[in-house]
Amino acid sequence: MTDLTPLALPAWAVPTAPRRQAVEEHCVSIRAAWWREELDRRELPGERPAGPSLTRAEVWAPADDVFTLLWRTLAWGCGSHLRQSARRLDSIAEDVDAARALLTEAATASRVDPARAFALMRPGRLNTFRFFGPSFFTKFLYFAGGGEPDHPCLILDRVVATALREHCGWESLHRIGPWPAVTYERYCSLLARWARTGGHAADEIEVTLFTRGHLRL
């Protein structure tokens, strides 16, 4: 494994915009009607996404139950591309009570232990919910923090992973995953260290790795 101790945040990945602008107002267009119809058809609980778009701040806003947070997360994460979304909903619908218990436990763990939270969603070599892999469930673990700047869980997807591998020196990091829990823990710790050093929140760095790293791919 790459020794992450000497890795420094590249100048191009240093956040420059205020967190409110870069993170809280990060907006994605969604297909709200599709989510309402598909959730209603499966009689799944939780508030349905509404409106043509969602910002990060709207996703992490307080919710009455864990499913409301999940639907917001999935709608934001999918945007206008709904590939595999129906299968994700089918996986949740197979056992709603078990899903509620697991998601609640993972959300709670996300606030203190990224590795445990990740392992709950991917115990071993398979995801807990089919078609709901790390690129999506780390979004859920991130948004479960309610927007707290020091929340320890962050989004890890193939764009961020590739930027870290190709442009930040993490040569052992697989570009597309799936990643084990220990790798996720190392990732969150690395960005937290970079954030402390530069006086930023870790999710600001995740955003710059995604947006600017995407341009470098």
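The values are calculated or read from the model by the stated rules, or taken from the named source; none is laboratory data. Predicted, not measured: the structure shown is a model, and the values here were computed from it. So basically every Cβ, Gly included, is an ideal-geometry build from the backbone, and we count neighbours across all protein chains shown.
Couple of notes before you dig in:
- The residues of region 90-131 that are in contact with a Ser or Thr (Cβ under 7 Å, 6 or more places away or on another chain) and in a loop (DSSP other than H, G, I, E, B), listed by number, are ARG122, PHE129, ARG130, PHE131.
- Residue match in region 73-87 (condition: under 23 Å from SER110 (Cα atoms), surrounded by 15 or more Cβ atoms within 10 Å (Cβ to Cβ) and either over 18 Å from the mean Cα position of the chain (by Cα) or basic (Lys, Arg) (or both)): no
- Candidates are the residues of region 31-56 that are of a type in the set (A, V, I, L, M, F, W, C) and surrounded by fewer than 15 Cβ atoms within 10 Å (Cβ to Cβ); the one that is nearest to LEU70 (Cα to Cα) is ALA50.
- A single member of LEU120, LEU102 is at pLDDT 95 or above and more than 16 Å from the chain's Cα centre (by Cα), and it is LEU102.
- Scanning region 193-210 turns up at least one residue that is of a type in the set (S, T, N, Q), at pLDDT 95 or above and more than 16 Å from TRP60 (Cα to Cα).
- Some residue of region 130-144 being of a type in the set (A, V, I, L, M) and more than 12 Å from the chain's Cα centre (by Cα): no
- Each residue in region 4-18 was checked for being closer than 13 Å to GLY198 by Cα and surrounded by 15 or more Cβ atoms within 10 Å (Cβ to Cβ), and 4 pass.
- Of all the listed residues (LEU126, LEU120), the sole one being farther than 19 Å from CYS27 by Cβ, of a type in the set (A, V, I, L, M) and crowded, with 18+ Cβ neighbours inside 10 Å is LEU120.
- THR68 meets all of the listed conditions (1) among the polar types (S, T, N, Q); (2) outside any helix (DSSP H, G or I); (3) crowded, with 16+ Cβ neighbours inside 10 Å but one, namely (2).
- Put simply, of ALA119, ALA106, ALA86 the only residue that is in contact with a helix residue (DSSP H, G or I) (Cβ under 9 Å, 6 or more places away or on another chain) and farther than 25 Å from ARG186 by Cα is ALA86.
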